[in-house]
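Student: I have a structure I would like to understand better, so I am pasting it below and will then ask my questions one at a time.
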Amino acid sequence: MKQVRQIVWSLVLLLMVVFASGLTKTIQAAEVSSFTQTASLTKDGKTLTNGSKVLTNEKLSASVYLTFPDSQAIQAGDSLTLSLPRELALYTALEFDVLEAGQLNGQTVGKAVVDTVKKTVTVTFNDYFVSHPLNKRVALHFDVKVDSEVVTKTSPIQFKLGNTDFSLNYEKTDGEAGDYEMKYGYQDKSDPTIIKWRIILNARQDMLRGMVIKDQFGDGLTLVEGSLRAVRFAPVEGGIKNEAHILSLPVLDNFTKKAVFDKNANGQVTGFTINFGDNYNWPMYIEYSTKVAPGTKVGDIVHNTLTWKATNFPEPRSLTRELRLESGSGEGLGEKEQTPPTPSTSSSSSSSSSSSSSSSSSTSSSSSYHSSSSLSRSSSSSSSSASSVKEEAVAKPVKKKILPSTGEKITPLIYGMGLLGCALGLVIFRSKKQS
């Protein structure tokens, strides 16, 4: 009898699981695959055209414009991924919101994520396009540069960004070390909150007596622990040409331990001083990383100042470098479906005439509705502005909304439940008969 009860309860449990799974609706996120895209590249605000010259590490602003057919449903959680051509590289990992275009307090359309390793920009949508399913479009803006690890020498390069072809003249440059000081900073590829700084001193290889080096971090920057490295090299014929040149030389000595750190109230390092002493014609290389202060936003500018002096130099020399933190932006827009007006009924011919007039008015209203401001859908417009918005006066025909399938048909479930119910009843009947 106990065994029969166990079988009965097992069947009840199985029936409940099947019933629950049948009633549960699951919506799986999907990759948006149906869209067209155009792109533009600008440098210092000027649009790049075929034959434009681009230098190593020169910043280019990319804008990609996407349009989706009305038949492409976009649900919350759906995403699309844009891949950069191998000739281009992204500066640093980023996340930014895609906002409703043309609205002061517009809602969010989705979120974009920049991956520097995969060279992709992925947009994950929310439910905005569920309620705005018509005339859907998105524009994305971010910075790129020529990938110097792929394009290793001066040469013409051709690539496709989106569906737009580009043909540029790339000029490989190694930079200059200057006579006495050179400094620059850049964001870490994988962590945008870390800025790496590089310094060359005494590339001219002079004799500098009683040399003192001081570096002060600005705007709340703090040293990443263990990142400071200060080295010197033996003099070379003709002096140091650039950073690549000095990094190709064997290190003569590491003098990092000479650094004395300045600290804030929290014990974080905000700068350092190196009392080096006499420099006998040695070129120097200093590198370190800083962490941006909490609350620093994308697009903010941070500063860093290098100062050095020597007793046989007439006055101290100083060099301040600034870096604008990488940012990205995006806008999206769609249109809601119009609810057709309820037709009025009338038996008189005058009412019929009135109805005809009303229908004409309704058509005019529909045309007015669909002529709302929207993101530019043409490549020529996208080339002229990174956030181009224009008026579209062409009325779109009203389309019925097609909801995506979110579950399986329930008929097989009902049959299955019926069979399980019969089996359960048979087991109970036999157990009663045996007892």
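The values are calculated or read from the model by the stated rules, or taken from the named source; none is laboratory data. Treat the numbers as computed from the prediction; the structure is a model and nothing was measured. Neighbour counts run over all protein chains shown; Cβ positions are idealised from the backbone, glycine included. SASA here: full protein model, heavy atoms, side chains in, ligands and nucleic acids out. Shrake-Rupley method; radii C 1.70, N 1.55, O 1.52, S 1.80 Å.
Student: Using mean Cβ contacts within 10 Å as the protection proxy, how do 181-188, 264-271 order, highest first? Please report the intermediate quantities before stating the final value.
Tutor: Working: 181-188: 18.0, 264-271: 13.5.
Result, highest mean first: 181-188, 264-271.
Student: Determine the shape class of the range 36-173: with a ≥ b ≥ c the square roots of the Cα gyration tensor eigenvalues, call it rounded for a/c under 1.5, and otherwise prolate if a/b is greater than b/c, oblate otherwise.
Tutor: On the way: a/c = 2.30, a/b = 2.12, b/c = 1.09.
Verdict is prolate for the range 36-173.
Student: Any idea what the relative contact order of the range 36-173 is, in percent, if you count C-alpha pairs under 8 Å spaced at least 6 apart? Could the numbers behind the result be given before it?
Tutor: Numbers: 297 pairs, mean separation 50.0, N = 138.
For the range 36-173, the relative contact order is 36 percent.
Student: Could you run the Karplus curve 6.51 cos²θ - 1.76 cosθ + 1.60 with θ = phi - 60° over the range 63-80 and give me ³J(HN,Hα) per residue in whole Hz, x for Gly and Pro?
Tutor: Using θ = phi - 60°, the values come out as 10, 10, 10, 10, 10, 10, x, 4, 6, 8, 6, 10, 9, 4, x, 5, 9, 9 Hz.
Student: Highest first, please rank the peptides 112-119, 148-155 by the mean number of other Cβ atoms sitting within 10 Å of their residues. Don't skip to the end; give the middle numbers.
Tutor: Working: 112-119: 16.8, 148-155: 12.0.
Top of the packing list down: 112-119, 148-155.
Student: Express in nm, to one decimal, how much length is gained between ASN163 and THR47 on full extension, taking 0.36 nm for each residue of separation and deducting their alpha carbon distance. Could the numbers behind the result be given before it?
Tutor: Numbers: separation 116, 0.36 × 116 = 41.76 nm, distance 1.68 nm.
So the extension gain works out to 40.1 nm.
Student: Another one. Modelling each spin label as a point 7 Å along the Cα-to-Cβ direction, I'd like the ALA265/MET207 distance in nm, to one decimal.
Tutor: 4.9 nm
Student: Skip the ligands, DNA and RNA, and give the accessible area per residue of the range 36-173 with a 1.4 Å probe, whole Å².
Tutor: Details: 6010 Å² over 138 residues.
Result: 44 Å² of accessible area for each residue.
Student: Find, among the trypsin sites (Lys or Arg not before Pro) in the range 242-318, those assigned to loop by DSSP (not H, G, I, E, B) with at most 13 other beta-carbon atoms within 10 angstrom.
Tutor: Loop-located and lightly packed - LYS297.
Student: Strictly over 18 Å apart at the Cα level, which of LYS118/LYS291; LYS183/LYS214; LYS196/LYS309; LYS53/LYS241; LYS111/LYS136 would you flag in this model?
Tutor: LYS118/LYS291; LYS196/LYS309; LYS53/LYS241
Student: Return the carbon/sulfur percentage of the accessible area of the range 36-173, one whole number, probe 1.4 Å, all protein chains in place. Don't skip to the answer; put the middle values down first.
Tutor: Numbers: 2820 of 6010 Å².
After summing per-atom areas, the C and S share lands at 47 percent.
Student: If you plug each phi of the range 131-139 into the Karplus form 6.51 cos²θ - 1.76 cosθ + 1.60 with θ = phi - 60°, what whole-Hz ³J(HN,Hα) values come out, in order, with x for Gly and Pro?
Tutor: Per-residue couplings from phi come out as 8, 10, x, 9, 6, 6, 8, 9, 10 Hz.
Student: With a 10 Å radius around each residue's Cβ, average the other Cβ atoms per peptide and rank 160-173, 277-290, highest first. Mind showing how you got there, number by number?
Tutor: Numbers: 160-173: 15.9, 277-290: 19.4.
Descending packing order for the listed peptides: 277-290, 160-173.
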